[in-house]
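Here the structure comes first, spelled out in C-alpha cells, and everything after it is commentary.
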Amino acid sequence: MPTTLTVRVFFEAAHRLHNPAKPDEWNRSRYGKCNNLHGHGHNYVLEVTVGGDVDPATGYLMDMKDLKEIIGRTVVGEVDHRHLNHEVAWLADIIPTAENLAAIFFRRIAPALPPGVVLEAVTVHETDRNSASFRP
Ligand code: NI
C-alpha cells in the first residue's frame, strides 16, 4: 500500500503479569514488580497504522474520525479504566504484556476496517520508554 495513516489514542488500565500455569517463584523471577498481586496501572498509548489508496475525491485514505470510532468500539471502550486481567472477557486467557495486547488489538481492529483499507501495524506503548508492535 503506497500510503499509510496513523492515529494515536490513549487509555488507562491496570494489569498484572502472571502466568497461572507456572509456579509463583517462576512468575516473581520473570516479572518482578509487574507480578505484584493486585496489579499496577499504565497510561497506555495505542498507535494504529492503516494502509491503502488515497481517494482523489476526498484526499483521504480513510476518514480519521471513522478510524478513531472503530478503535474506540473494538478496543478502547472495552479496556479504558479496566483491570485487564479481570474485567475484559477477551483478554481473560492471555498474559497482558504489551506484546500480547498489540497482537490481540490487531485482531479486533482489522476486520472492522472498511473495504480497501488494511491494518498495517498496532503499537502499544506502556511507558514513554517501551512499546511493542504487531505487524503480521
Ligand atoms: Ni505493567
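Quick note: the coordinates plus some simple rules give every number you see, no bench work behind them. Note that the structure is predicted; figures quoted are calculated from it, not measured. No Cβ is skipped: glycine too gets one built from the backbone with ideal geometry, and neighbour counts run over all protein chains shown.
In region 8-42, which residues are more than 9 Å from the ligand (Cβ to nearest atom), surrounded by fewer than 16 Cβ atoms within 10 Å (Cβ to Cβ) and either closer than 30 Å to L61 by Cα or under 18 Å from the mean Cα position of the chain (by Cα) (or both)?
R8, F10, E12
Restricting to region 45-101, name every residue that is touching a Ser or Thr at 6+ places or on another chain (Cβ under 9 Å), assigned to a loop (DSSP other than H, G, I, E, B) and acidic (D, E).
Answer for region 45-101, where residues must be touching a Ser or Thr at 6+ places or on another chain (Cβ under 9 Å), assigned to a loop (DSSP other than H, G, I, E, B) and acidic (D, E): just D53.
What number of residues in region 56-77 are among the charged types (D, E, K, R) and surrounded by 19 or more Cβ atoms within 10 Å (Cβ to Cβ)? Step through it out loud before you land on a result.
Residues of region 56-77 that are among the charged types (D, E, K, R), as a first pass: 63, 65-66, 68-69, 73.
Retained after the next criterion (residues that are surrounded by 19 or more Cβ atoms within 10 Å (Cβ to Cβ)): none.
Selection size over region 56-77: 0.
If you go through region 64-79 one residue at a time, do you hit one that is among the polar types (S, T, N, Q) and within 16 Å of the ligand (Cβ to nearest atom)? I'd like the intermediate steps shown before the answer.
Here is the first cut: in region 64-79, the ones among the polar types (S, T, N, Q) are 74.
Of the ones still in play, those that are also within 16 Å of the ligand (Cβ to nearest atom) are none.
No; the residues of region 64-79 include none that is among the polar types (S, T, N, Q) and within 16 Å of the ligand (Cβ to nearest atom).
Just a yes or no: is a residue in region 108-126 surrounded by 15 or more Cβ atoms within 10 Å (Cβ to Cβ) and without any contact (Cβ under 8 Å) to a residue 40 or more places away in the chain?
Checked region 108-126: at least one residue is surrounded by 15 or more Cβ atoms within 10 Å (Cβ to Cβ) and without any contact (Cβ under 8 Å) to a residue 40 or more places away in the chain.
Among the residues of region 79-107, which ones are more than 17 Å from V45 (Cβ to Cβ) and of a type in the set (D, E, K, R)?
Of everything in region 79-107, those that are more than 17 Å from V45 (Cβ to Cβ) and of a type in the set (D, E, K, R) turn out to be E87, D93, R107.
Go through (1) surrounded by 14 or more Cβ atoms within 10 Å (Cβ to Cβ); (2) over 20 Å from S133 (Cα atoms); (3) within 14 Å of the ligand (Cβ to nearest atom); (4) not hydroxyl-bearing (S, T, Y) and name the single condition V45 misses.
(2)
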